[in-house]
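A short write-up of the structure that comes next.
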Amino acid sequence: ISASVSSHNRSEILDPPVHLTFMKNPDVENGTNATCSFWDPTADNGFGDWSSRGCAIVNETEEGVVCECDHLTNFAILLDVSPKANETSVSVGITKTLEALSYIGAIISIFFLTLTIATYVSSKKLRSTEPSQLLINLCFGFLGIYIAYIIALHATAASGLCVLAGVLVHYFLLATFFIMAADAILIVNKLIFVFFKIRRYVAIASIISWSVPVIIAIATVAPDYKNYLEINFCRPYGIQFYVGLLAPF
């Protein structure tokens, strides 16, 4: 129940309050913790969010919910549809196993990437060739991806940290892609254009590979940082994912 009047912003507390009855959808399983709510377009700094201000549950049965609210607007009931604990015991065990394997794989990868970087950097002979220098850059890119991945897994509870972790994942993925593209161009140049040598190729490729992703990541997160927030993993979603991550690939 709502009304909109142009150029007016007025809210009245109703006495007596209005009562609304909502029937539960029988197709929704595990619907618990009903909350009488309405959409507040002014909440969350103008982004809008659900609010229960001025509303309360008067009666709840298996068939429906009766709400009492002291104002008029667009009302709804929100239900928790999370699976019951006994139904998720197997899936939780599988999830924890996969999560543990992910951590083990990430830690092993970080160790050997660090070992590879240390080996090449410490040996002048190994790092003297262009492919070796690009390999070092590539190892740094993968190292950044794994570290950002671990941070992104644990940053979902804090929105600011989650956005930062998502941007880092986005940035290092793009940087790694650019470095692999530079390596592919170098291979083509050496196999096909044998006598054509690009001066300072690694320096130019490194500057482009590490700087251009910064511009893309900033331009992607700036319009709407909320598309980097997700309950399971911090990374770009929606239009940011397609334009900022898939399009450059």
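At a glance:
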| read-out | value |
| --- | --- |
| Filtered residues of the stretch 65-81 (kept if more than 18 Å from Pro17 (Cβ to Cβ) and of a type outside the set (Asp, Glu)) | Leu78, Leu79, Val81 |
| Residues of the stretch 211-249 that turn out to be over 17 Å from Ala148 (Cα atoms) and not in a helix (DSSP H, G or I), as a count | 6 |
| Members of the stretch 187-209 found to be over 13 Å from Pro248 (Cβ atoms) and either small (Gly, Ala, Ser) or surrounded by 18 or more Cβ atoms within 10 Å (Cβ to Cβ) (or both), listed by number | Val202, Ala203, Ala205, Ser206 |
| Single condition Ser132 does not satisfy, out of (1) surrounded by fewer than 18 Cβ atoms within 10 Å (Cβ to Cβ); (2) without any contact (Cβ under 8 Å) to a residue 60 or more places away in the chain; (3) over 25 Å from Arg200 (Cα atoms) | (3) |
| Unique residue being touching a Ser or Thr at 6+ places or on another chain (Cβ under 8 Å), small (Gly, Ala, Ser) and in a helix (DSSP H, G or I) when the list is Ala182, Ala165, Ala148 | Ala182 |
| Identity of the residue in the stretch 158-175, under 12 Å from the mean Cα position of the chain (by Cα) and open to solvent by 50 Å² or more (accessible area, probe 1.4 Å), that ends up nearest to Phe142 (Cα to Cα) | Leu168 |
| Boolean, Val194 is assigned to a helix (DSSP H, G or I) and over 29 Å from the mean Cα position of the chain (by Cα) | no |
| Within the stretch 224-237, tally of residues that are touching a helix residue (DSSP H, G or I) at 6+ places or on another chain (Cβ under 8 Å) and open to solvent by 80 Å² or more (accessible area, probe 1.4 Å) | 1 |
| Inter-residue pairs, beta-carbon under 9 Å, first touching a residue at least 40 places away in the same chain (Cβ under 8 Å) and in the stretch 142-170, second open to solvent by 50 Å² or more (accessible area, probe 1.4 Å) and among the acidic types (Asp, Glu), 6+ apart | Leu153/Glu99; Thr156/Glu230; Cys162/Glu230; Gly166/Glu230 |
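Residues are listed down the side, and each one gets a yes or a no for (1) in a loop (DSSP other than H, G, I, E, B); (2) within 20 Å of Asp80 (Cα to Cα); (3) within 31 Å of the chain's Cα centre (by Cα):
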{"site": "Asp15", "(1), (2), (3)": "yes, no, no"}
{"site": "Thr21", "(1), (2), (3)": "no, yes, no"}
{"site": "Ala34", "(1), (2), (3)": "no, yes, yes"}
{"site": "Phe38", "(1), (2), (3)": "no, yes, yes"}
{"site": "Arg53", "(1), (2), (3)": "yes, yes, yes"}
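The values are calculated or read from the model by the stated rules, or taken from the named source; none is laboratory data. Just so you know, these numbers come straight off a predicted model, no measurement behind them. Here the Cβ is made from the backbone with ideal geometry for all residues, glycine too, and neighbour counts use every protein chain on show. With ligands, DNA and RNA removed, areas are computed over all heavy atoms of the protein, side chains included. Shrake-Rupley method; radii C 1.70, N 1.55, O 1.52, S 1.80 Å.
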